[in-house]
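Values in this text are rule-based calculations from the coordinates and carry no lab data. Predicted model, so just to flag it, every value in this text is computed and none were measured. Note that each Cβ is placed from the backbone with ideal geometry, even for glycine, and that neighbours are counted across all protein chains shown.
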Amino acid sequence: VDTKTKKQLFIQGPFEEGTNNIGEFLAIVHGLAFLKQHNSDRIIYTDSKTAMSWVRKKMCNSKLERNEKNKALFELVDRAVKWLETNNYSTTIVKWETKAWGEIPADFGRK
């Protein structure tokens with residue numbers, strides 16, 4: 001979501017048997033790929049320290065067990081990890097300060 005215009009740049013989900021942190025992780029990686037493809041220097045904001053850490057470490061360290069219901073979700077996770085392992089990016093990822101700035105627009109008022 002563009003923080004100024006509130007325009008959705010992309011949207012996926014909800015996913016069956018997923019977690020918020022996995023969703024945040026996928027959103028960050030998708031955002032990184034989107035911005036790289038469009039040669040954009042925008043900043044990515046997230047309210048998930050966990051997802052930021054996973055991106056930095058190029059891994060999704062979720063304890064969620066894989067099963068048939070979340071198979072499609074974990075296929076996206078695997079693709080995201082592979083993208084991180086095979087791409088460089090210069091995009092800055094910033095922790096969204098909810099207390100100071102209010103709810104992050106990408107949560108669509110769901111929190």
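At a glance:
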item: Those helices (runs of 4 or more DSSP H) lying entirely in region 23-111 with at least 2 residues of a type in the set (Val, Ile, Thr) and surrounded by 14 or more Cβ atoms within 10 Å (Cβ to Cβ); result: 49-57, 71-86
item: Members of region 53-74 found to be aromatic (Phe, Trp, Tyr) and in contact (Cβ under 8 Å) with a residue 24 or more places away in the chain, listed by number; result: Trp54
